[in-house]
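Have a look at the structure below before the remarks.
Just so it is clear, none of the values below were taken in a lab; they were calculated from the coordinates. The structure presented is a predicted model; accordingly, all values stated were derived computationally and were not measured. In this analysis, Cβ positions are derived from the backbone assuming ideal geometry, glycine residues included, and neighbour counts consider all displayed protein chains.
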Amino acid sequence: MWHIKSAKRGIAASYFTLGVILSTGEGVIDKTPDFAGALKMFELGAAAGNVESMYNAGMYYLEGKGVKKNAEMAVEYLVLAASQKFPIALLTLGKLFIEGAEVNRDLKRGRNYLAIAKECGGADGFIGKQADMVLDKYKHLEQTQCIIM
């Protein structure tokens, strides 16, 4: 298979493609998805600098696909992808920090990720609309400062 040869040569995108193949069961003898194998490919792709692999590895850790759920590892990989301005990673991090379900709530950090997501993904496109929906849903959580007299 061409992608295996490419991955062995260090072509980062090949790791991502192999991860997708393993995650869907396509190209696997029994057609059964191999999420653990897919995660390994995404991690190798992430280490080689492939942004899609970074995002997918983060999502696998977040969802517990092929591995025990680990929000800390998820955020690590998602931050790597976000540092390359990958819009869906920025959106995902924004939602995570604003919702505060998987990680500690950090409204300022969440809003910052959503603002960058809108900038990188287009304010009028899917990413921008999703970011606006999250901001609207959680607008009641505005941070306030108390003044003690």
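From the Cα gyration tensor of the range 75-127, with a ≥ b ≥ c the square roots of its eigenvalues, which class applies: rounded if a/c is under 1.5, or else prolate if a/b is larger than b/c, or else oblate? Since a/c reaches 1.5 but b/c is at least a/b, the shape of the range 75-127 is classed as oblate.
Cross-linked pairs 31/85; 65/95; 31/137; 31/118; 31/129; 69/95: Cα-Cα separations exceed 29 Å for 31/85; 31/137; 31/118; 31/129. When Lys and Arg each count +1 and Asp and Glu each count -1, what net charge do the other residues less than 12 Å away from residue 71, Cβ to Cβ, add up to? Taking every other residue near residue 71 into account, the sum is -3. Rounded, prolate or oblate, given the Cα gyration tensor of the chain, with a/c below 1.5 counting as rounded? Because a/c hits 1.5 or more and a/b exceeds b/c, the chain counts as prolate. The residues neighbouring residue 80, those whose beta-carbon lies less than 15 Å from its own, together hold a net charge of -3 under the Lys/Arg +1, Asp/Glu -1 convention. Using the average count of surrounding beta-carbon atoms within 10 Å as a protection proxy, the listed peptides 92-100, 53-61 rank, highest first, as 53-61, 92-100. Seen through its C-alpha gyration tensor, with square-root eigenvalues sorted a ≥ b ≥ c, the range 14-73 comes out oblate because a/c lies at 1.5 or above while a/b is not bigger than b/c. Compare 43, 76, 52 in a GNM of the chain, Cα atoms joined below 10 Å, and give the one with the largest fluctuation. Highest fluctuation among the options: 76.
The helix-based estimate of mean residue ellipticity at 222 nm for the chain, built from -39,500 (n - 2.57) per DSSP H run of four or more residues and divided by its residue count, is -21000 deg cm²/dmol to the nearest 500. Taking K and R as +1 and D and E as -1, what net charge do the other residues with C-beta under 11 Å from the C-beta of residue 96 add up to? Here the charged neighbours net out to 0. Sorted on the mean count of surrounding Cβ atoms within 10 Å across their residues, most packed first, peptides 25-32, 103-110 read 103-110, 25-32.
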